[in-house]
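Engineer: Have a look at this one.
The values are calculated or read from the model by the stated rules, or taken from the named source; none is laboratory data. If you're wondering where the values come from, they're calculated on a predicted model, not measured in any experiment. Positions of Cβ are backbone-derived with ideal geometry, glycine not excepted, and every protein chain shown enters the neighbour counts. Ligands, DNA and RNA are stripped out before the accessible areas are found, and what is left, the full protein with its side chains, is counted by its heavy atoms. Shrake-Rupley method; radii C 1.70, N 1.55, O 1.52, S 1.80 Å.
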Amino acid sequence: MVGITNKEMDIEVLSNKSKEKEMVHIPLDPPLMNAKEARARLVNMTWEAIEGLGMSRYQVNTYQFDVQQAFTIFACLCMYYVFLAPKEYIPYEPFFASIDPFFKIFCMSLPVFAHTLENQLFMVPLLKKHRVRSRKLRSKWIFACLVSGGPAIARFKKLVAQEKQRLDEEMKKL
């Protein structure tokens with residue numbers, strides 16, 4: 001932003017074609033009444049631009065592991081242990097020996113398939129929408145979804161709700 005008056009705002013943009021700076025005049029309708037109103041108007045314009053790109057104003061900047069994720073991981077590990085452990089380490093060996101090998105393979109591949117699908121259909125679009133830009137943070141959320149699936153997505157959405165509440169309270173103060 002180069003300048004602002006009560007009737008218009010001037011910004012300098014870099015042209016995609018010529019890579020040169022161009023001056024753009026944006027009229028402010030209705031005109032600004034005072035300087036305090038300018039900040040609120042500019043913040044709202046920023047949110048409109050972000051939402052116009054299909055993104056959310058609520059951004060997640062942390063990764064948090066919770067009990068539901070741990071439970072899902074534990075359940076999958078127990079299943080793998082029962083299906084892959086040597087017979088002498090399995091409790092109730094006659095029961096597990098009677099399970100068809102195809103069913104064992106199917107059960108072991110189901111979480112991998114489901115979590116990969118959840119990751120591609122839900123987590124990756126959420127990360128994009130909520131502007132998670134850090135490669136390290138994106139990797140943490142993607143790995144969490146691959147390992148624990150739905151609970152990681154639920155935790156992410158909970159963090160978005162907390163950020164929404166924080167920003168809404170901040171906007172009320174303005």
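Engineer: Can you give me the long-range amide H partners of M9? Hydrogens built in the peptide plane at 1.01 Å from N, cutoff under 5 Å, separation of 5 or more residues or another chain.
Structural biologist: Hits under the 5 Å cutoff: I26, L28.
Engineer: Here's something else I'd like to know. Could you tell me the relative contact order of the range 1-54? Use alpha-carbon pairs under 8 Å, at least six residues apart, and round to a whole percent.
Structural biologist: Relative contact order comes out at 27 percent.
Engineer: With an 8 Å cut-off on Cα pairs and a minimum separation of 6 or more residues, tell me the relative contact order of the range 73-174 in percent.
Structural biologist: 25
Engineer: Need one number: convex hull volume per residue for the range 1-140, Cα atoms only, in Å³.
Structural biologist: Cα convex hull per residue, to the nearest whole number: 190 Å³.
Engineer: What pairs from K128/K172; K128/K164; K21/K136; K104/K157; K136/K164 go past 25 Å between their alpha carbons?
Structural biologist: Going by Cα-Cα distance, K128/K172; K21/K136; K104/K157 fall outside the 25 Å limit.
Engineer: Moving on to the next point. Given R₀ = 25 Å, what would the calculated FRET efficiency be for V147 paired with N61, taking r from the Cβ atoms and rounding to 0.05?
Structural biologist: Computed FRET efficiency for V147 and N61 comes out at 0.70.
Engineer: Please return the longest stretch of the chain lacking exposed loop sites, where trypsin sites (Lys or Arg not before Pro) count only if DSSP places them in a loop and at most 14 other Cβ atoms lie within 10 Å.
Structural biologist: Free of exposed loop sites, the longest segment is 20-132.
Engineer: Further question on the same structure: For the chain, what does the relative contact order come out to in percent, with C-alpha contacts under 8 Å and a separation of six or more? Spell out each step's value before the answer.
Structural biologist: On the way: 149 pairs, mean separation 39.3, N = 174.
Value for the chain: 23 percent.
Engineer: Go ahead and estimate [θ] at 222 nm for the chain from helices alone: -39,500 (n - 2.57) per DSSP H run with n ≥ 4, summed, over the residue count, rounded to 500.
Structural biologist: Rounded to the nearest 500, it is -19500 deg cm²/dmol.
Engineer: Going Cα to Cα from K140, which aspartates and glutamates come in below 18 Å? Please leave out same-chain ones fewer than 8 positions away.
Structural biologist: Straight-line reach from K140, under 18 Å: D66, E118.
Engineer: Roughly how tilted is helix 101-118, in degrees to the nearest 10 and between 0 and 90, from the longest Cα axis of the chain?
Structural biologist: For 101-118 against the chain, the angle is about 10 degrees.
Engineer: Still on this structure, please answer the following. For the range 115-144 and the range 1-61, compute the distance between their C-alpha centroids and round to whole Å.
Structural biologist: 29
Engineer: On to the next question. For the pair E88 and V124, how long in nm is the line joining their label points, each one 7 Å along Cα→Cβ?
Structural biologist: With each label point 7 Å from Cα toward Cβ, the separation is 4.5 nm.
Engineer: Just to confirm, what accessible area per residue do you get for the chain at 1.4 Å probe, in whole Å²?
Structural biologist: Values: 12430 Å² over 174 residues.
For the chain, the per-residue accessible area is 71 Å².
Engineer: Further, regarding this structure: If you add up the charges near A154, with Lys and Arg at +1 and Asp and Glu at -1, over every other residue whose beta carbon is less than 12 angstrom from its beta carbon, what do you get? Before the final figure, lay out the partial values.
Structural biologist: Details: positive: R155, K157, K158; negative: D66, E118.
Computed value for this residue: +1.
Engineer: OK, next. In nm, to one decimal, how far is the modelled label at V112 from the one at I99, with both set 7 Å along Cα→Cβ?
Structural biologist: 1.6
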